[in-house]
Amino acid sequence: MASNWTNQVALVTGGARGLGRAIVKRLAAHGAAVAINYAANATVAEALAAEIRAGGGHAIAVGADVADAAAVNAMAARTEAVLGPISILVNNAGIAWAATLETWEPAGFARLRAVNVDGTIHAIRAVMAGMKARRYGRIVNISSIAAFGTTGFPGNHFYASTKAEVNILTRRFALELGGHGITVNAVAPGFTRTDMTRGGNTEAEWKEIEAGLARAAMTGRIGEPDDIANAVAFFGAPDSGWITAQILAVDGGRTDYIGHG
């Protein structure tokens, strides 16, 4: 039956760390077999896969730079050869790039867009034929509340523009694929505690950042990776077949940006 998560095979790009790690663990806890994509850190991805297998689940680590279409196709093929047909795709792989109009340069922006936008396209193209043939699929893209308007962080204009493109493509791809039994939705996280958001800040600097952003949320705290994983699992669930083309902000009720979607 479609409602049985144990029939599901999920591919999570950027699944070894941060939000991706939480998403992988949540989907595996539901019973899905999971392919954990990584770009560089095979050791971390392999360790997570081993942890899931030790708990009785099914998981593999698969390396690929999502900006490389051929590598993504090979990743999808290996996933299906080992775990079975991919029924859930989570486009989580992404990078951040801080720049202003004065500091913008073409190479940095090209790489940003190649990962955040082209990577999403490549992964969907790699799985959609099989999903169409089976008339079933759940695609969840990870966007950002930065795509909705101006946040308190300076220099994220171009990052925000790539996530806005993800939002538009989510709705357009939902329109294109909906007739084939495939849903396409996006989760737009607010500021969430990960290695990437922590960056190189000292403990004191991080506490100040966290306190400021907690005050900007109606719930009085920043996000945790499990908050995002919960929303992804909702969209990825077998029973969510009549929910598509949606962009869900998961941000604790942020009040410091314009254009809340």
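The values are calculated or read from the model by the stated rules, or taken from the named source; none is laboratory data. Owing to the predicted nature of the structure, the values given are computational and were not obtained by experimental measurement. FYI the Cβ positions are ideal-geometry reconstructions off the backbone, even for glycines, and counts take in every protein chain you see.
Of all residues in the stretch 80-89, those being under 27 Å from PRO189 (Cα atoms) and out of contact with any Lys or Arg (no Cβ under 9 Å at 6 or more places or on another chain) number 1. Of the candidates THR192, THR219, THR183, the single residue that is touching a Phe, Trp or Tyr at 6+ places or on another chain (Cβ under 8 Å) and polar (S, T, N, Q) is THR183.
Could you list all residues from the stretch 222-261 that are at positive phi and touching a Phe, Trp or Tyr at 6+ places or on another chain (Cβ under 6 Å)? Of everything in the stretch 222-261, just one residue is at positive phi and touching a Phe, Trp or Tyr at 6+ places or on another chain (Cβ under 6 Å), namely GLY259.
Inspect all residues belonging to the stretch 40-58 and state whether any of them is modelled with pLDDT of 95 or more, within 24 Å of ASP239 (Cβ to Cβ) and among the hydroxyl-bearing types (Ser, Thr, Tyr). No: the stretch 40-58 contains no residue that is modelled with pLDDT of 95 or more, within 24 Å of ASP239 (Cβ to Cβ) and among the hydroxyl-bearing types (Ser, Thr, Tyr). Checking the stated criteria, LEU177 turns out to be more than 15 Å from the chain's Cα centre (by Cα), part of a helix (DSSP H, G or I), buried (at least 17 other Cβ atoms within 10 Å of the Cβ) and hydrophobic (A, V, I, L, M, F, W, C). Please report, ordered by residue number, the helices (runs of 4 or more DSSP H) entirely within the stretch 182-261 with at least 3 residues that are loosely packed, with under 13 Cβ neighbours inside 10 Å. Hits in the stretch 182-261: 203-215. Scanning the stretch 109-149 for residues that are surrounded by fewer than 15 Cβ atoms within 10 Å (Cβ to Cβ) and either in contact (Cβ under 8 Å) with a residue 12 or more places away in the chain or of a type outside the set (Gly, Ala, Ser) (or both) gives ARG111, ARG125, ARG134, ARG135, GLY149. Screening TRP206 with (1) under 30 Å from ALA28 (Cβ atoms); (2) at pLDDT 95 or above gives one miss only, at (2). Per this entry, ARG26 is not counted among residues that are at pLDDT 95 or above, out of contact with any helix residue (DSSP H, G or I) (no Cβ under 9 Å at 6 or more places or on another chain), under 27 Å from ARG135 (Cα atoms) and in a helix (DSSP H, G or I). Among residues belonging to the stretch 30-45 that are in contact (Cβ under 8 Å) with a residue 12 or more places away in the chain and in a helix (DSSP H, G or I), point out the one that is surrounded by the most Cβ atoms within 10 Å (Cβ to Cβ). Checked the stretch 30-45; the qualifying residue surrounded by the most Cβ atoms within 10 Å (Cβ to Cβ) is ALA45.
Of everything listed in (1) free of Cβ contacts under 8 Å to residues at least 60 places away in the same chain; (2) closer than 27 Å to ARG134 by Cβ; (3) surrounded by fewer than 17 Cβ atoms within 10 Å (Cβ to Cβ), the single unmet condition for ASN7 is (1). Output yes when any residue across the stretch 101-122 is charged (D, E, K, R), in contact with a helix residue (DSSP H, G or I) (Cβ under 8 Å, 6 or more places away or on another chain) and closer than 29 Å to ASN4 by Cα, and no when none is. No, the stretch 101-122 has no match at all. If the condition is being among the hydrophobic types (A, V, I, L, M, F, W, C) and crowded, with 23+ Cβ neighbours inside 10 Å, then the stretch 76-108 contributes ALA76, ILE86, ILE88, LEU89, VAL90, ALA93.
In the condition set (1) without any contact (Cβ under 8 Å) to a residue 24 or more places away in the chain; (2) over 21 Å from PHE148 (Cα atoms), ARG172 is compliant with all but (2).
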